[in-house]
Amino acid sequence: MAGGPTLNAVSIEQQRRLVTALPGPRSRELMARKTSAVADGVGTTMPVFAAAADGGIVVDADGNHLIDLGSGIAVTSVGAANPRVVAAVTEQVAAFTHTCFMVTPYDGYVAVAEALNRLTPGSHDKRTALFNSGAEAVENAVKIARAWTGRDAVVVFDHAYHGRTNLTLAMTAKNKPYKHTFGPFAPEVYRVGGSYPYRDGVVDGAVAAARAIDQIEKQIGVENLAALVIEPIQGEGGFIEPAPGFLPALAAWCRAGGVVFVADEVQTGFARTGDLFACEREGVVPDLIVTAKGIAGGLPLSAVTGRAEIMSAPHEGGLGGTYGGNPIACAAALAAIATIEEDGLVGRAREIETLVKARLTAIRDKDDRIGEVRGRGAMLAVEIVRSGGSEPDPRLARDVAKAAHGQGVIVLTCGTYGNVLRFLPPLTIGDALLDDAFDVIAAAFEEIR
Ligand code: PLZ
């Protein structure tokens, strides 16, 4: 797929084009309405309102064409108006919008479960349950692990992000903006040190795992531990790739101790990292895997998939919810999954990695304020530090992002220290748009001192 995927099905011109200053007058008007109608707690990265999106472009309310390096936080991997998704959703919405799977089930739900059982790591017998959001699925993975083990404790890691509901806030590490003023949080959630080679200097994952395991055994006790929940590459915490060997060592320790190893692949899943699931890179087979975001081409859907015996531990009627596995979201998921498989989007993610890493490395070679270039596939980042050292520089990250926004490039920041610029383009973006976007970002690094 040299030059990127064939985008003949994409109706939006794949070109960055600004026809007003950003934000334009329509967006400014809409922002004023947002301010007086929407709760202040719900923030926005850019004060620009979307009118259409697909491929690598978001068109705003004023007709500006912006390059999308965010995919709505790693969601629209197949594009934001993928023709297969649009057709499947249109057909389903005309047939029926909802019955509730717990009342009168329908085949789309079952087909998504079959697809997840087939595609997730490991060839063992699996079962799946569907939900709406990533956080809801993480909560259900914990419920299932507790029902299976009869134990209470849950281990999570420094820099972790698992959601904004009460249990998942207990599991999320960062105070502001997520947790501040919202406690008290759910009990029996314990945080241990993880693996962050750039900052902790431990490049042997087995050593980092031994350190975490020691902490768990001393402070919790394996016999009290229901689940260990981990993002194979930490997302909101800063796109932190653990040292090689870290995940396999933790998974092996969990297996030996009867602890349910839960991979939170909400952000890393569905081709994003250049594998269908990030766990595959080191051959890790999680007991339970949590998916959302990229699963359904932008519709809200999430899942817990795992070993049949563990998934079947909760009593009948113990899992569910009014909307979980909504038929429209399931139709979208089947179309998104077919697109990922048939259009070779895992391979496309690897091509994006090659192109973008080359651009980021070239910037780093001239600018020591980029402490590290990291990530895999189309989940890539730079950690920004003060010149001459490794002190986090969130101001520069914010300023570069702002400069890019002003030029029509949608880019997000993240990280415990707010100093990571992250790149999550749709996998349907073309090379020309990527080149243009990284020209803008390279220029921003040169201009901002
Ligand atoms: N687990 C690994 O990345 C969501 C959050 C954005 P929901 N990440 C984006 C924000 O500021 O709210 C995420 C994740 C991982 C769980 C979640 C939660 O998924 O669908 O947002 O609930």
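The values are calculated or read from the model by the stated rules, or taken from the named source; none is laboratory data. What you see is a predicted model; the values in this text were computed from it and never measured. All Cβ positions, glycine included, derive from the backbone under ideal geometry; neighbour counts span all protein chains shown. The protein model used for the area step is the full one, side chains on, heavy atoms only, and it has no ligands, DNA or RNA in it. Shrake-Rupley method; radii C 1.70, N 1.55, O 1.52, S 1.80 Å.
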> For K174, which aspartates and glutamates qualify as cross-link partners when the Cα separation must be under 14 Å and same-chain residues fewer than eight apart are set aside?
Replying inline: D158, E236
>> Which log10 I(q)/I(0) values does the stretch 297-355 give at q = 0.14, 0.17, 0.23, 0.30 Å⁻¹ under the Debye formula, counting every alpha carbon as one identical point scatterer?
In response: -0.61, -0.78, -0.98, -1.14
>> Using a Förster radius of 25 Å, what is the FRET efficiency between C100 and A338 based on their Cβ-Cβ separation? Nearest 0.05, please.
In response: 0.45
> Counting only the backbone N, which residues of the stretch 12-51 are under 17 Å from the spot 7 Å out from the Cα of D439 toward its beta-carbon?
Replying inline: 14-19
>> Using the Karplus curve 6.51 cos²θ - 1.76 cosθ + 1.60 with θ = phi - 60°, what ³J(HN,Hα) values do you get for each residue of the stretch 51-58, in whole Hz, with x for Gly and Pro?
In response: 10, 7, 7, 5, x, x, 10, 10
> Gaussian network model of the chain, Cα springs within a sub-10 Å range: biggest mean-square fluctuation belongs to which of G324, G238, G389?
Replying inline: G389
> Which FRET efficiency value, to the nearest 0.05, do you get for A432 and V110 by plugging their Cβ-Cβ distance into 1/(1 + (r/R0)^6) with R0 = 25 Å?
Replying inline: 0.05
>> Tell me which chymotrypsin sites (Phe, Trp or Tyr not before Pro) from the stretch 57-117 have a DSSP coil assignment and no more than 16 other beta carbons within 10 Å of their own.
In response: F96
> Points 7 angstrom from Cα along the Cβ direction at Q15 and D214: gap in nanometres?
Replying inline: 6.1 nm
>> Tell me the mean residue ellipticity at 222 nm calculated for the chain from its helices only (DSSP H runs of n ≥ 4, each -39500 (n - 2.57), averaged over every residue, nearest 500).
In response: -11500 deg cm²/dmol
>> If I take every Cα pair under 8 Å that is 6 or more residues apart in the chain, average their sequence separation and divide by the length, what percent do I get for the relative contact order?
In response: 22 percent
> What length, rounded to one decimal in nm, is gained on full extension from T181 through to H315, with 0.36 nm per residue of separation minus their alpha-carbon distance?
Replying inline: 44.7 nm
>> Restricting to Cα pairs below 8 Å that are 6+ residues apart, what does the relative contact order work out to for the stretch 85-342? Please round to a whole percent.
In response: 30 percent
> Quick one, what does Rg over Rh come out to for the stretch 25-174 if you take C-alpha atoms and the Kirkwood Rh?
Replying inline: 1.02
> Can you pull the three principal axis extents for the Cα set of the chain, in Å, largest first?
Replying inline: 60, 60, 47
> Roughly what % of DSSP beta bridges within the stretch 85-342 run antiparallel, to the nearest 5?
Replying inline: 45 percent
>> Tell me the per residue accessible area of the stretch 114-201 using a 1.4 Å probe; a whole number in Å² is fine.
In response: 44 Å²
> What FRET efficiency, computed as 1/(1 + (r/R0)^6) with R0 = 41 Å and r the Cβ-Cβ distance, is obtained for V207 and V86, rounded to the nearest 0.05?
Replying inline: 0.25
> Could you give the distance between the Cα centres of the stretch 259-299 and the stretch 310-332, to the whole Å?
Replying inline: 18 Å
>> What three numbers, in Å, describe the spread of the alpha carbons of the stretch 85-342 along their principal axes, ordered from the longest?
In response: 55, 40, 36
> Among T120, T44, T354, which one shows the biggest mean-square fluctuation in a GNM of the chain, springs joining Cα atoms closer than 10 Å?
Replying inline: T44
>> Could you compute the net charge surrounding P327? Neighbours are other residues with a C-beta less than 11 Å from the C-beta of P327; K and R count +1, D and E count -1.
In response: -2
>> Counting just the Cα atoms, what span does the stretch 19-69 cover along each of its three principal axes? Round to the nearest Å and put the largest first.
In response: 31, 20, 14
>> Multiplying the sequence separation of E223 and V42 by 0.36 nm and subtracting their Cα-Cα distance, what value in nm do you get?
In response: 61.1 nm
>> Please report Rg (one decimal) and Dmax (integer) in Å for the Cα set of the stretch 84-141.
In response: 13.4, 37
> Cα centroid distance between the stretch 357-415 and the stretch 169-223, in Å?
Replying inline: 25 Å
>> Within the chain, what whole-number % of the accessible surface is contributed by carbon and sulfur, with the 1.4 Å probe and all protein chains included in the calculation?
In response: 54 percent
> If you keep only loop residues by DSSP, which chymotrypsin sites (Phe, Trp or Tyr not before Pro) in the stretch 161-206 have at most 15 other Cβ atoms within 10 Å of their Cβ?
Replying inline: F182, F185
>> With 23 Å as the cut-off, how large is the P(r) tail for the stretch 94-190, expressed as percent of Cα-Cα pairs?
In response: 42 percent
> So how much slack lies between A362 and K34, counting 0.36 nm per residue of separation and subtracting their Cα-Cα distance, in nm?
Replying inline: 114.1 nm
> Given K143/K293; K357/K402; K143/K179; K293/K366, which pairs have Cα atoms separated by over 24 Å?
Replying inline: K293/K366
